[in-house]
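The values are calculated or read from the model by the stated rules, or taken from the named source; none is laboratory data. Everything numeric here is computed off the predicted structure, so don't read it as measured data. Cβ placement follows ideal geometry from the backbone for every residue including glycine, while neighbour counts extend to all protein chains displayed. The protein model used for the area step is the full one, side chains on, heavy atoms only, and it has no ligands, DNA or RNA in it. Shrake-Rupley method; radii C 1.70, N 1.55, O 1.52, S 1.80 Å.
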Amino acid sequence: MSTAMNFGSKSFKPRPPDKGAFPLDHFGECSAFKERFMECLRHSGYESGACRPSAKAYLECRMERQLMANEPLEKLGFKDLIDEKSEGEPEK
């Protein structure tokens, strides 16, 4: 029973998760991107693959405004969209 009374013997320090949690967009900085993505989902019958460019734009908005950690888009699954963009750009 003496162990139940030792509340101060161990300290618990919470830490945020590595992935999956990020600040909410309280000021609606990326709400236009979110609405475009949601509209695309509704029009495509909730087929997320058809809305990947909208999802990419939304995540870029969040990263630019520090609402989520900066990650390379390749790591987030948008490598093919980046390759298409670079192929379409003229050579200098």
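Residues are listed down the side, and each one gets a yes or a no for (1) part of a loop (DSSP other than H, G, I, E, B); (2) open to solvent by less than 90 Å² (accessible area, probe 1.4 Å); (3) at pLDDT 70 or above:
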{"position": "T3", "(1), (2), (3)": "no, no, no"}
{"position": "F7", "(1), (2), (3)": "yes, no, no"}
{"position": "F12", "(1), (2), (3)": "yes, no, no"}
{"position": "G20", "(1), (2), (3)": "yes, yes, no"}
{"position": "F33", "(1), (2), (3)": "no, yes, yes"}
{"position": "M38", "(1), (2), (3)": "no, yes, yes"}
{"position": "L41", "(1), (2), (3)": "no, yes, yes"}
{"position": "G45", "(1), (2), (3)": "yes, yes, yes"}
{"position": "G49", "(1), (2), (3)": "no, yes, yes"}
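Do any residues in region 43-59 that are free of Cβ contacts under 8 Å to residues at least 12 places away in the same chain have Cβ atoms under 7 Å from those of residues that are of a type outside the set (G, A, S), where the two are at least six apart or on different chains, and which pairs are they?
S44/C51; S48/L41; A50/C40
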